[in-house]
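Any read-out appearing in this document is the output of simple, stated calculations on the displayed coordinates, not a laboratory observation. As the structure is a computational prediction, the values presented were derived from the model and not from experiment. Virtual Cβ from ideal backbone geometry, glycine too; neighbours counted across all protein chains shown.
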Amino acid sequence: MKSKAKFLTLEGVDGAGKSTCIKFIKKYFLGKNFNYVFTREPGGTLLGEKLREILLHDKMEPETETLLMFSARNEHIHQIIKPNLKAGLIVVSDRFTDATFAYQSGGKYVQKEKINILKNWVHEDLKPDLTLLFDLPVDVSLSRLNSDGNLDKFEKEAADFHTRIRESYLTLAKSEPKRFEIINSNQNINIIEKEVYLALDKLFL
Ligand code: TMP
């Protein structure tokens with residue numbers, strides 16, 4: 001196995017097809033014989049997974065939600081992300097701080113300044129090397145979600161909430177074009193697979 005310590009994050013509206021793309025990313029790393037670890041937020045640690053249950057199902061103030069997201073994230077960074085990067089592994093996190101800007105600020109109007117304070121407190125020294133943003137129109141993502149059933153509290157939100165999230169993500173991507181790669185999730189799966197590989201090539205070749 002080759003050592004390529006990089007921090008990758010996956011983002012997008014609910015129903016954007018991250019799970020399918022995770023399979024492509026794993027295939028790419030295995031093909032290149034890279035050592036990697038997949039993890040997720042909220043979650044990734046024992047405490048983080050307990051917080052995830054609460055965050056995805058319990059009603060709470062948007063600021064409480066923001067603070068709990070960062071509590072889970074602090075554990076995740078100390079127990080999983082940093083130790084694995086230090087050991088030379090690629091760390092892929094299914095969501096990270098961009099999600100807090102998109103969901104809690106874009107979706108629920110928590111002030112960006114407050115999220116920036118938490119971000120600087122919890123991980124001033126840690127930033128993704130690459131963020132794949134899976135993007136698609138909200139009507140498509142919602143129809144995918146509704147055909148799945150068993151929705152969590154975020155997935156049950158109205159279309160305008162998801163629209164604000166999509167717009168927030170696209171604004172974030174525009175502000176950091178070098179870090180973000182936008183993948184159009186509303187196209188043939190073989191094309192999506194190729195676009196994922198091209199984005200990874202830019203980082204790893
Ligand atoms: P997912 O694992 O299916 O993406 O679900 C995680 C949910 O949590 C998703 O709806 C986005 C939401 N979320 C936030 O609202 N803020 C955050 O900071 C993170 C990491 C996730």
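Numbers below:
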| quantity | calculated |
| --- | --- |
| Verdict on residue 114 being without any contact (Cβ under 8 Å) to a residue 24 or more places away in the chain and either more than 20 Å from residue 22 (Cβ to Cβ) or of a type in the set (D, E, K, R) (or both) | no |
| Yes/no for residue 61 being away from the ligand (no atom under 12 Å from the Cβ) and either more than 30 Å from residue 147 (Cβ to Cβ) or not basic (Lys, Arg) (or both) | yes |
| Residue identified as within 16 Å of the ligand (Cβ to nearest atom) and closer than 28 Å to residue 71 by Cβ among 179, 144, 166 | 166 |
| Residues (part of a helix (DSSP H, G or I) and either touching a strand residue (DSSP E or B) at 6+ places or on another chain (Cβ under 9 Å) or touching a residue at least 60 places away in the same chain (Cβ under 8 Å) (or both)) located in the range 172-192 | 172, 173, 174, 189, 191, 192 |
| Positions within the range 51-74 being among the acidic types (Asp, Glu) and surrounded by 19 or more Cβ atoms within 10 Å (Cβ to Cβ), in sequence order | 65 |
| Where a residue in the range 143-155 is touching a residue at least 24 places away in the same chain (Cβ under 8 Å) and its partner, wherever it lies, is part of a helix (DSSP H, G or I) and among the hydroxyl-bearing types (Ser, Thr, Tyr), with Cβ under 8 Å and at least six apart | 154/103 |
| Hits in the range 25-50 - residues which are buried (at least 19 other Cβ atoms within 10 Å of the Cβ) and over 22 Å from residue 83 (Cα atoms) | none |
| Subset of the range 149-205 that is buried (at least 19 other Cβ atoms within 10 Å of the Cβ) and among the small types (Gly, Ala, Ser) - its residue that is farthest from residue 52 (Cα to Cα) | 199 |
| Near pairs, Cβ below 7 angstrom, 6+ apart or cross-chain, from the range 83-110 (under 18 Å from residue 155 (Cβ atoms) and more than 9 Å from the ligand (Cβ to nearest atom)) to any residue that is part of a helix (DSSP H, G or I) and hydroxyl-bearing (Ser, Thr, Tyr) | 106/168 |
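Here's the yes/no breakdown for (1) more than 12 Å from residue 107 (Cα to Cα); (2) of a type in the set (Gly, Ala, Ser); (3) in contact with a Phe, Trp or Tyr (Cβ under 9 Å, 6 or more places away or on another chain):
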residue	(1), (2), (3)
141	yes, yes, no
148	yes, no, no
153	yes, no, no
158	no, yes, no
161	no, no, yes
166	no, no, no
176	yes, no, no
